[in-house]
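Just so you know, all these numbers are worked out from the coordinates, no wet-lab data involved. A quick note: this is a predicted structure, and the numbers were derived from the prediction, not measured. Cβ placement follows ideal geometry from the backbone for every residue including glycine, while neighbour counts extend to all protein chains displayed.
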Amino acid sequence: MSAQAQMRAMLDQLMGTSRDGDTTRQRIKFSDDRVCKSHLLNCCPHDVLSGTRMDLGECLKVHDLALRADYEIASKEQDFFFELDAMDHLQSFIADCDRRTEVAKKRLAETQEEISAEVAAKAERVHELNEEIGKLLAKVEQLGAEGNVEESQKVMDEVEKARAKKREEVYRNSMPASSFQQQKLRVCEVCSAYLGLHDNDRRLADHFGGKLHLGFIEIREKLEELKRVVAEKQEKRNQERLKRREEREREEREKLRRSRSREHRRHRSRSMSRERKRRTRSKSREKRHRHRSRSSSRSRSLSHQRSRHSSRDRSRERSKRRY
């Protein structure tokens, strides 16, 4: 990659797709299904293992540092939950690697003769010491590159102690030559590479400090981190979903209570209205009854008075006729 291309990649990573007003690069968004979500989270195996013995080539999905920058900016305001996609991707990749490791172990078991448990345990101990020495030497080189001489010397002292333990095992004198040769290979549990029982310190340091082994460690650690993040986010989402459901239920109960209260008030109002109408009708009937009673009484009184006047008139008329 030329210096100009490196500078362009750095600007893309820092500023995103719209850094220079190029609208053609914005035709695809980081949320598009064609974009590799593992790349956005900087954990795609195609990137991590690039240039190693297990180089996977180009990823089938889009890789663009500018899209990663766009995602990092947008993720500060919104959670896109891309960790789940990346976790599924890494789980599938690690599961495939673990299957290859088991196949390699079976292949070694088929090609190597069966040995006693004692010899196998001693060979396993040598492999463990080799692994410890290789990791320590890789750490020494890393600390030396960082300029941390004092800490590097402390780790080197641990390397010497591990070497002494390995010499104390004296496998060459305690194991038969045939058995010794049978157990000269072992499969690395991390990256599926073959390790030899008699690998020198340089070979061990190159393996445990190499890009392939460290890349697998990075992928496995990232997978565990993603599992933790996904579990936390799912728990948070479940709590938010439960909270929203409780709020909806509380709102529905409040609406139901209000509806019942309004219905109760309407029913009470109708009852009171009917009662007022009934009282009004009753008063009206009483009033009409009193009015009819008074009218009847007056009529009877007038009739009686007329009757009296009529009888008086008749009496006077008879008196006059006599005289």
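Only lysines eight or more places from residue 255 in sequence, or on another chain, were considered; those with a Cα closer than 22 Å are 243.
Taking amide H atoms as placed 1.01 Å from N in the peptide plane, the amide H of residue 195 lies under 5 Å from those of 186, 187, 188, each 5 or more residues away in sequence or on another chain. Amide H to amide H, with H built 1.01 Å from N, residue 62 comes under 5 Å of 35, 36, counting only residues 5 or more places away or on other chains. Sequence neighbours fewer than 8 away in the same chain don't count; with that in mind, list the aspartates and glutamates whose C-alpha is under 15 Å from residue 106. Correct list for residue 106: 98, 114, 189. Among 101, 280, a tally of other beta-carbon atoms within 10 Å of each Cβ gives an order, fewest to most, of 280, 101.
Using the average count of surrounding beta-carbon atoms within 10 Å as a protection proxy, the listed peptides 130-139, 49-58, 208-217, 243-252 rank, highest first, as 130-139, 208-217, 49-58, 243-252. Legend: distances between Cα atoms for 211/233; 29/211; 37/233; 29/76; 139/222; pairs beyond 22 Å are 211/233; 29/211.
For residue 277, a cut-off of 17 angstrom between C-alpha atoms picks up these aspartates and glutamates, skipping any fewer than 8 places away in its own chain: 286. Converting phi to 3J(HN,Hα) with the Karplus coefficients 6.51, -1.76 and 1.60 and the offset θ = phi - 60°, region 142-153 yields 5, 5, x, 5, 7, x, 8, 5, 4, 5, 4, 5 Hz in sequence order, with x at every glycine or proline.
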